[in-house]
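Input: a single structure, listed below in structure tokens.
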Amino acid sequence: MTSRARMRRAGGALFLALAVTGAATGCDAAKETAGDIVSSASAAVASAVQAAQAKMDEVKDGVNATGDVRAGPTSTDGDRTVATITATNPQDKTADYTVMVTFRDDGGNLLDAVVLSIDDVGAGASKSGTARSNRTLDGATKAEISQALRH
């Protein structure tokens with residue numbers, strides 16, 4: 001093999017090595033970007049849950065009333081996901097309800113959390129309010145009652 005042929009072969013090998021390295025680096029960059037997106041989404045969800053729990057913690061003298069509250073199916077309103085939340089007061093006096101609603105995807109993954117107040121629910125009566133997500137949620141979602149306090 002001539003030295004010129006060896007140089008071409010070495011140059012071709014070097015080009016191939018750089019191309020593979022560049023492709024791998026591109027994949028790594030894509031993985032980092034995907035990781036950043038997941039991390040950002042996780043941070044947004046964690047922040048929403050933390051804020052919702054802080055609002056729930058502000059309620060004084062509340063009693064667990066998760067059994068009094070039901071979440072309806074979700075729908076969209078503009079770019080937000082909404083669900084009708086209904087509180088049924090089994091007590092003999094009017095009560096207020098503070099409800100933490102979580103939105104989950106089909107896989108059960110937590111997407112968002114909000115707090116809804118349903119005030120002045122009459123004795124033996126029901127009253128509804130609308131839980132509205134903090135941000136746009138993609139795909140099929142379900143609203144769940146995570147916590148409800150009657151006060």
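Looking at Ala29, Ala23, Ala52, which is the one that is modelled with pLDDT of 50 or more, assigned to a helix (DSSP H, G or I) and surrounded by 10 or more Cβ atoms within 10 Å (Cβ to Cβ)? Steps first, please.
Details: Ala29 fails: modelled with pLDDT of 50 or more; Ala23 fails: modelled with pLDDT of 50 or more.
Going through Ala29, Ala23, Ala52 in turn, just one is modelled with pLDDT of 50 or more, assigned to a helix (DSSP H, G or I) and surrounded by 10 or more Cβ atoms within 10 Å (Cβ to Cβ): Ala52.
Within this structure, Pro73 passes the test of being modelled with pLDDT of 95 or more and outside any loop (DSSP other than H, G, I, E, B).
Scanning the stretch 101-128 for residues being crowded, with 18+ Cβ neighbours inside 10 Å and either in a loop (DSSP other than H, G, I, E, B) or modelled with pLDDT under 95 (or both) gives a total of 0. Got a number for residues in the stretch 129-145 being open to solvent by less than 70 Å² (accessible area, probe 1.4 Å) and assigned to a strand (DSSP E or B)? Residues that pass the stated criteria total 6. Could you check, for the stretch 36-49, whether at least one of its residues is at pLDDT 95 or above, assigned to a helix (DSSP H, G or I) and closer than 20 Å to Ile145 by Cβ? Within the stretch 36-49, not a single residue is at pLDDT 95 or above, assigned to a helix (DSSP H, G or I) and closer than 20 Å to Ile145 by Cβ.
The values are calculated or read from the model by the stated rules, or taken from the named source; none is laboratory data. A quick note: this is a predicted structure, and the numbers were derived from the prediction, not measured. All Cβ positions, even for glycine, are placed from backbone atoms using ideal geometry, and neighbour counts span all protein chains on display. Heavy atoms of the whole protein, side chains included, go into the accessibility calculation; ligands, DNA and RNA do not. Shrake-Rupley method; radii C 1.70, N 1.55, O 1.52, S 1.80 Å.
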